[in-house]
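Before any comments, here is the structure.
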Amino acid sequence: MRWAVQDRRLEREQRELVLGPAHRRWRDNSASENRRRWTEYDWSGRGEEWNASAEWRAALVEHVLERWIPADSAVLEIGPGGGRWSASLLARSSRLVLVDVSARPLELCRELFGADPRVEYVQSSGNDLPGVADASIDAVWSFDVLVHVAPADQAGYLDEIARVLVPGGIAVLHHADGRNRGQVPSRVGWRSPMSRGLFAALAAERGLTVECQFDSWGPNGRHDLSAFGDAITVCGR
Ligand SMILES: C[S@@+](CC[C@H](N)C(=O)[O-])C[C@H]1O[C@@H](n2cnc3c(N)ncnc32)[C@H](O)[C@@H]1O
């Protein structure tokens, strides 16, 4: 009952495109909880256990990552985890900055890429990109991360993305899209509140231009984010 009331308040703010009190006072999906959860996580599968299928994963790389992340660029990934997308990003990077709230995923990525001089490792407070210079990054990628990050911290990352992107840079960001629109309830997927409309409004407030928003890709949109009702926003500076 309490959850239903809270979800209705969140939905109203999402319709009104405001990061209002229901979003700002959201206590779950905090940086400290994310740090605890992902430090303790069993990473032996390196996150590959979250792929809907091998085809789904390959199509996301081909039709989304390679479509939007320019070759030979300075790339920043928020929340690399076990490096599920990081090798594909590195193949397109002259420089790859991996940023995570937990040291554990950064250690795992160091095992994969440690000797590669193009890769840098940054531990964040959960909403910032410390030590990353203004206008130094061509492309930002974040998948399966902001869906678990509290709304105010998502807004904090948008502040930082607007700061670190070069003019003409691009960000590809996966986030939640409304409450309980997937095959399982939002709380079961530990989804943090957001919608594509509100995310676009927050990006625009920070001077970012929303290029497109989508929830499926590949031939006839065969692959999608319908399990949890998420979306991907591509925005440029
Ligand atoms: C579900 S895993 C996804 C990992 C990887 N992106 C993937 O798709 O396989 C979430 C990752 O985001 C990181 N993370 C969670 N909250 C974060 C935050 N506020 N800032 C940066 N990283 C965060 C976690 O430590 C973990 O590495």
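In table form, for the structure just shown:
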{"item": "Within the chain, helix-based [θ] at 222 nm, where runs of 4 or more DSSP H residues each add -39,500 (n - 2.57), nearest 500", "result": "-9000 deg cm²/dmol"}
{"item": "Whole-Hz couplings from phi, Karplus 6.51/-1.76/1.60, listed for the stretch 178-192; x for Gly and Pro", "result": "x, 9, 6, 9, x, 7, 10, x, 3, 5, 5, x, 6, 7, 7"}
{"item": "Projected area averaged over orientations for the chain, convex hull of C-alpha atoms, nm²", "result": "12.0"}
{"item": "Euclidean distance between Cα centres, the stretch 196-228 to the stretch 1-56, Å", "result": "17"}
{"item": "Burial order of peptide ranges 175-181, 132-138, 116-122 (average beta-carbon count within 10 Å, highest first)", "result": "175-181, 132-138, 116-122"}
{"item": "Span-rule helices in the chain, defined as complete DSSP H runs reaching 18 Å or more along the axis (Cα) with Kyte mean at least -0.5", "result": "151-164"}
{"item": "Area projected by the alpha carbon convex hull of the stretch 5-115, averaged over all directions, nm²", "result": "9.2"}
{"item": "Mean Cβ count within 10 Å, highest first, over the residues of peptides 65-71, 225-231", "result": "225-231, 65-71"}
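No value in this document is a laboratory result; all are computed from the given coordinates. Source: prediction; values computed, not measured. When we count neighbours, we look across all protein chains shown, and the Cβ atoms used for this are built from the backbone with ideal geometry, even at glycine.
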